[in-house]
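The values are calculated or read from the model by the stated rules, or taken from the named source; none is laboratory data. For clarity, every value in this text was computed on a predicted model and none was experimentally measured. Cβ sites come from the backbone with ideal geometry, for glycine too, and all protein chains shown count toward neighbours.
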Amino acid sequence: MKNVVLIGASGFVGSAILNELLTKGHKVTAIVRNPQKINVENPNLAVIKADVSDTNTLINACKGKDAVISAYNPGWTNPHIYEETLRNYPLILDAVKQSGVKRLLCVGGAGTLFCAPGLRVVDSGVIPEAIMGGVKSLGEFYLNTLMNEKDIDWIFFSPAGTLEPGQRTGKFRLGKDDLIVDENGNSHISVEDYAVAMIDELENPKHHYERFTIGY
């Protein structure tokens, strides 16, 4: 059993990861802005109301834990998602480091994956303008901050091009920096299977100081 902090546990990806963690018997401290959105009751779950910019609360919550999983997202409809991601994710990183936790697992984005030689998804013209702010900011955090981080064992786990509700099959492929597509050219994964792979990595670390990705 791992004792972990899960940031953003009430979100689309965070709630799937929370469910997988509890199903596998791990102990979870959930950091959320709105605790009422957590509708799960479990003896292994503690919920803390906090904003990720509240560094002291975050440090104290993380102390003594085995790992931190961050599913932080300011909200896809937030008009300031670009600025808030680039402001708050470094705060999360610094707080986790200050807490003494040795491992940080980040829910990444697909934008910085390569969909053709030398061409990243974010530059391919397929991403709707409505979500471009969130895609670009998370990608910039990965490229400009995480890739230069040497003081904590981090991973940035990029989903497939389409991440959607579905089934927990446990059958998927993992890759490194290239978008994974199926025989029809589609890049997709269920959020349930994404969560399976994230907790697999928590339980049996195979990636260190790097990004990896998933797809069917």
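Val107 falls short on exactly one of the conditions (1) among the aliphatic types (A, V, I, L, M); (2) out of contact with any helix residue (DSSP H, G or I) (no Cβ under 7 Å at 6 or more places or on another chain); (3) touching a residue at least 24 places away in the same chain (Cβ under 8 Å), and that condition is (2). Among the residues examined, Lys37 does not qualify as basic (Lys, Arg), under 20 Å from Glu192 (Cβ atoms) and touching a residue at least 60 places away in the same chain (Cβ under 8 Å). Scanning the range 151-170 for residues that are surrounded by 15 or more Cβ atoms within 10 Å (Cβ to Cβ) and without any contact (Cβ under 8 Å) to a residue 12 or more places away in the chain turns up nothing. Here is a check on your reading of the model: is Ala30 of a type in the set (Gly, Ala, Ser), touching a helix residue (DSSP H, G or I) at 6+ places or on another chain (Cβ under 7 Å), more than 22 Å from Glu140 (Cβ to Cβ) and in a loop (DSSP other than H, G, I, E, B)? It is false that Ala30 is of a type in the set (Gly, Ala, Ser), touching a helix residue (DSSP H, G or I) at 6+ places or on another chain (Cβ under 7 Å), more than 22 Å from Glu140 (Cβ to Cβ) and in a loop (DSSP other than H, G, I, E, B). Tell me, yes or no, whether the range 3-17 has at least one residue that is in a loop (DSSP other than H, G, I, E, B), more than 23 Å from Asp193 (Cβ to Cβ), modelled with pLDDT of 95 or more and not charged (D, E, K, R). Among the residues of the range 3-17, not one is in a loop (DSSP other than H, G, I, E, B), more than 23 Å from Asp193 (Cβ to Cβ), modelled with pLDDT of 95 or more and not charged (D, E, K, R), which makes the answer no. Considering only residues in the range 197-211 that are under 16 Å from the mean Cα position of the chain (by Cα) and either part of a loop (DSSP other than H, G, I, E, B) or among the polar types (S, T, N, Q) (or both), the one that is farthest from Lys27 (Cα to Cα) turns out to be Tyr209. Just for the range 49-71: of the residues that are under 28 Å from His208 (Cβ atoms) and in a strand (DSSP E or B), which one is farthest from the chain's Cα centre (by Cα)? Step by step, filter the range 49-71, then rank; the result is Ala67.
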